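Scroll down for the structure; my scribbles are underneath it.
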Amino acid sequence: MKNKLIEIIKEAGEIFKEGYYSKKDVTFKAKKDLVTKYDVAVENFLKVRFEKEFYDFNVIAEESDNTDKIFSNSIIVDPIDGTTNFVNKLPHTAISVGVYKDKKPYIGIVFNPILDQLYTAVVGEGAYCNGEKIQVSDESDFQKALLSTGFPYSSGTCEDDLNDVVEKIKHILPRCQDIRRLGSAALDLCYVASGIYEAYYEMNLKAWDVSAGLIILQEAGGKVSNIDGNDYVLFENKYILASNGYVHKELIENLNF
Ligand code: LIP
């Protein structure tokens, strides 16, 4: 299944690339949440191909009406993760596809067609970037940890969320090496998996933002949890915390100060 998925995702990458270098008409789903015709085009392409090829899986996708979709044997698709970057031609943006069997992680693929970076993982078989095995960093000193985070779209409308983001940064920034905010949760998780970041956290993400990246991270030796340190549950938890494992305890402590 993995090779067929990659073949289809690479084909979708051509539509993605064409859109990235074109002039884009942007529509707003919410105050800060935007969408382009390329999100829809990439998603439709993937849906048609996946539904034809993998008929025992349903497809849950960002730009679709998923109300009658039951999460079980599912392919969870984000056609363009990091849409704001895509629109502004910042090349940190990717197609994200996470495959779940009976709700359990099975295959994760994140493809950045602009930088030609393909992250893949099958549960039990390790994680790879362009065919090279990747693994998390072994840094265990939180003060030396490079973190990544993201800001929720709700920061434009919900003062509680905005305050939560700011208070957490105020607490954690002096206690780590530094914090990055590059704007694609899928790639942020892959960057922890590759040892670029030691940890990553964000609130209010959707399942399609993280469904693939968390499989890749876990296969690279990393750890994922909710803010209480319990298993992260797709579609349910407000916060996702991800790390190389070594700094996870302090990550939890520093976000629950
Ligand atoms: C985005 C994320 C980004 C996050 C945004 C949003 P989209 O996904 O990957 O990191 O900060 O809130 O969820 O909407 O571009 O697919």
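The values are calculated or read from the model by the stated rules, or taken from the named source; none is laboratory data. All values reported here derive from a predicted model rather than from experimental measurement. Here Cβ is always computed from backbone atoms with ideal geometry, including for glycine, and neighbour counts include all displayed protein chains.
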* Asked: Which one is farthest from the ligand (Cβ to nearest atom), of the residues in region 22-47 that are surrounded by fewer than 18 Cβ atoms within 10 Å (Cβ to Cβ) and of a type in the set (Gly, Ala, Ser)?
  -> Ser22
* Structure fact -> Per the filter on region 38-65, residues within 23 Å of Ser154 (Cα to Cα) and touching a helix residue (DSSP H, G or I) at 6+ places or on another chain (Cβ under 9 Å) are Asp39, Ile60, Ala61, Glu62, Glu63, Ser64
* Whichever residue in region 154-178 is surrounded by 18 or more Cβ atoms within 10 Å (Cβ to Cβ) and of a type outside the set (Asp, Glu) and, among such residues, is farthest from the ligand (Cβ to nearest atom) -> Cys176
* Which is within 27 Å of Gly19 (Cα to Cα) and in contact with a Lys or Arg (Cβ under 7 Å, 6 or more places away or on another chain), of Glu53, Glu43? -> Glu53
* **Which listed residue, of Thr93, Thr120, is among the β-branched types (Val, Ile, Thr), at pLDDT 95 or above, in contact with a strand residue (DSSP E or B) (Cβ under 7 Å, 6 or more places away or on another chain) and over 20 Å from Glu202 (Cβ atoms)** => Thr120
* Asked: For region 78-93, how many residues meet the condition of being in a helix (DSSP H, G or I), touching a residue at least 12 places away in the same chain (Cβ under 8 Å) and more than 8 Å from the ligand (Cβ to nearest atom)?
  -> 1
* Asked: What residue, among those in region 127-145 that are surrounded by 12 or more Cβ atoms within 10 Å (Cβ to Cβ) and more than 18 Å from the chain's Cα centre (by Cα), is farthest from Gln177 (Cα to Cα)?
  -> Ser137
* Among the residues of region 48-77 satisfying the criterion of being assigned to a helix (DSSP H, G or I) and either within 16 Å of the ligand (Cβ to nearest atom) or free of Cβ contacts under 8 Å to residues at least 24 places away in the same chain (or both), which is surrounded by the fewest Cβ atoms within 10 Å (Cβ to Cβ)? -> Lys52
* Asked: How many residues are without any contact (Cβ under 8 Å) to a residue 12 or more places away in the chain and not in a helix (DSSP H, G or I) if we restrict to region 23-47?
  -> 4
* To do: Please determine, by comparing only the residues of region 9-19 that are more than 19 Å from the chain's Cα centre (by Cα) and either surrounded by 15 or more Cβ atoms within 10 Å (Cβ to Cβ) or assigned by TED's automatic domain parsing to the domain that holds Cys158 (or both), which one is farthest from Val122 (Cα to Cα).
  => Gly19
* On the given criteria, is Tyr232 of a type outside the set (Val, Ile, Thr) and in contact with a Lys or Arg (Cβ under 9 Å, 6 or more places away or on another chain)? -> no
* Are any residues in region 193-251 assigned to a loop (DSSP other than H, G, I, E, B) and within 12 Å of the ligand (Cβ to nearest atom), and if so, which ones? -> Asn204, Leu205, Lys206, Ser211, Ala212
* Among the residues of region 94-115, count how many are within 17 Å of the chain's Cα centre (by Cα) and either in a loop (DSSP other than H, G, I, E, B) or among the polar types (S, T, N, Q) (or both). => 5
* Structure fact -> In region 163-184, anything hydrophobic (A, V, I, L, M, F, W, C) and over 14 Å from Lys238 (Cα atoms) is listed as Val166, Ile169, Ile172, Leu173, Cys176, Ile179, Leu182
* To do: Could you please let me know if Ala185 is outside the structural domain of Lys89 (by TED's automatic domain parsing) and within 14 Å of the ligand (Cβ to nearest atom)?
  => yes
